[in-house]
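Worksheet: the structure to be examined is printed underneath.
The values are calculated or read from the model by the stated rules, or taken from the named source; none is laboratory data. Note that the structure is a prediction, hence the values are computed from the model and not measured. As a convention, Cβ positions derive from the backbone with ideal geometry for all residues, glycine included, and neighbour counts pool all protein chains shown. Heads up: the accessible areas ignore ligands, DNA and RNA and are worked out on the full protein's heavy atoms, side chains in. Shrake-Rupley method; radii C 1.70, N 1.55, O 1.52, S 1.80 Å.
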Amino acid sequence: MIKNAAVLDVQWGDCGKGRIAHWLSPNFDWCVRQNGSSNSGHVVYRDDKKYTHHLLPSADYRCKYLKSFLSSGMVINLEELLEEILLFEQDFPGIAKSIYVDPDAFVITPEHIQEDREKNKHIQSTGKGVQPAYTDKVARKGTRIYHYIRDNAEIIKKLKELGVNFTPVLQIKSVLEKSSILFEGAQSVLLDINAGPDYPYVTSSDCTVSGIYSSGFNFVKLDKVYGCMKPYLTKVGAGYMPTEIDDDYADMLRKRGNEFGNTTGRPRRIGVLDLAATKYAIQKGGIDSLIITKMDIMDGLGSIKVCHSYGKDVFSPSDFVDLRPEYNNISGWTDSKNIKELKPFISYIETLTSTRVELISTGVTDSDLHKLA
Ligand code: IMP
Ligand code: MG
């Protein structure tokens, strides 16, 4: 039985973690966001309506028992948090009362946002103030939410009036220990501050399982860590992408997959599925099962090109130099809804990564999510 689980991303983000977390969340008591900030954009559909979560976990708000927790590993722009909660309050009145925020999280200030926009153009950051906020935190000059609470700041009053709870994780440890928790990562293992192979073209937070523990959930035993991926690659922002393609095929995938950033609207760069990088991310991320989303985007495309190796082993970010991607063509499928057709592709991924594919998605509705036997 799965009591506690995590959903992370083993590519460059935007593989549908939010949607998967949303679907899984009714099986849990809590949904926790452990890292990052509003640089993420997790899209979910509730009764055919589209919602984008930037700071709030992608919990299914239709479940009254489900609680959300924003952990101390995040950096939080409190004005944006208020805006996002107010937006969700319109459709889910009272939802604010189910939201818990760890007051040990650090805040993003307007100065952080300005600095990010001025200094991180070369990395093509999301401009949300993430790097300057994390930099201030580790430089020991950041400000925790706690300080705003102590000073009775106006923004805290507004959030509290709505019903938002400011609670350090250990204060509710005994409750959490009896509950089941779903952790929803942000960004991805390949963008992680430590594991990201293309430093400095990474984000500034802990995107692997470490982020769960460093935000105070050391008492939790994870029964399952899912890694989300797509059958092709996308990336937003600068930095290398060894299997990038920029041709008509890439344009077609971008269009079919609607590969435009949810936070910034930027067209995403497209690449051939890179299993060498995925294998590295599975190990660095602490992943034990895979989820492949957007299988339907590759319906009817014939055989599918994948990179199986770089011609050398990669154990650390320093090994990501002088790469010579080697490719294979794997049988494709005409209709992903016919799961049998996907077998050669899925078996290939499982064999190469030594990791089971447990779930696939073949469309945007919940009925398009299929558990594999
Ligand atoms: P930052 O996280 O805004 O500092 O941006 C650093 C890099 O991570 C940039 O290349 C961003 O495009 C990328 N990035 C940040 N958040 C996401 C995300 O949620 N999905 C995909 N890429 C992201
Ligand atoms: Mg995204």
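Computed over the chain with a Gaussian network model linking Cα atoms closer than 10 Å, the most mobile of I108, I99, I330 is I330.
Placing +1 on the Cβ of every Lys and Arg and -1 on the Cβ of every Asp and Glu, with no other charges, gives the range 254-314 a dipole of roughly 320 debye about its Cα centre. Listed by chain and number, the lysines whose alpha-carbon sits under 24 Å from that of K67, ignoring those within fewer than 8 places in the same chain, are K3, K17, K49, K50, K97, K157, K158, K160, K173, K178, K221, K224. Taking the inverse of the mean 1/r over every pair of distinct Cα atoms in the range 152-237 gives a Kirkwood hydrodynamic radius of 15.8 Å. In terms of overall dimensions, the C-alpha atoms belonging to the range 1-156 reach 41, 39, 31 Å along their principal axes, ordered largest to smallest. The chain: percent of C-alpha pairs farther apart than 35 Å? Summing the P(r) of the chain above 35 Å gives 21 percent of all pairs. Net charge in the neighbourhood of M298 (other residues with Cβ under 10 Å of its Cβ; Lys, Arg +1, Asp, Glu -1) is +1.
Within the chain, C31, C63, C207, C307 have no other Cys Cβ under 4.7 Å of their Cβ and so lack a disulfide-compatible partner by this rule.
Using a 1.4 angstrom probe, figure out how much accessible area the range 259-356 has per residue, in square angstrom, rounded to the nearest whole. Value for the range 259-356: 45 Å² per residue. Kirkwood hydrodynamic radius of the range 317-363, from the reciprocal of the average inverse Cα-Cα distance over all distinct pairs: 12.9 Å. Taking every alpha-carbon pair under 8 Å whose residues sit at least 6 apart, the chain reaches a relative contact order of 19 percent. When +1 charges are put on Lys and Arg Cβ atoms and -1 charges on Asp and Glu Cβ atoms, the dipole computed for the chain relative to its Cα centre reaches about 640 debye. Protection proxy ranking of 298-311, 125-138, 58-71, by the mean of other Cβ atoms within 10 Å over each peptide's residues and highest first, is 125-138, 58-71, 298-311. Measuring nothing but how far apart in sequence close Cα pairs (under 8 Å, 6+ apart) lie, relative to its length, the range 115-235 scores a relative contact order of 17 percent. Would you be so kind as to identify all helices of the chain, as entire DSSP H runs, whose Cα atoms reach 24 Å or more along the helix's own axis and whose mean Kyte-Doolittle hydropathy is at least -0.5? Answer set is empty. When only Cα pairs below 8 angstrom with a gap of at least 6 residues are kept, the range 218-334 shows a relative contact order of 30 percent. Plainly put, the range 1-65 has a radius of gyration that is 0.94 times its Kirkwood radius, both from alpha-carbon atoms, as the Rg/Rh ratio. Remark: the range 10-125 carries a charge dipole of roughly 440 debye about the Cα centre, counting +1 on each Lys and Arg Cβ and -1 on each Asp and Glu Cβ.
Using a 1.4 Å probe on the protein heavy atoms, what percent of the accessible area of the chain belongs to carbon and sulfur? Carbon-and-sulfur percentage of accessible area, whole number: 50. Helical content alone sets the calculated 222 nm signal of the chain at -7500 deg cm²/dmol, taking -39,500 (n - 2.57) per DSSP H segment of four or more residues and averaging over every residue. Legend: calculated FRET efficiency, R256 to K158, from the Cβ-Cβ distance at R0 = 51 Å, rounded to 0.05, equals 0.75. Sparsely packed loop sites in the range 198-249 (the chymotrypsin sites (Phe, Trp or Tyr not before Pro) outside DSSP H, G, I, E and B with at most 15 other Cβ atoms within 10 Å) comprise F219, Y240. Separation of the range 214-266 and the range 57-129, taken as the distance between their Cα centroids, equals 20 angstrom.
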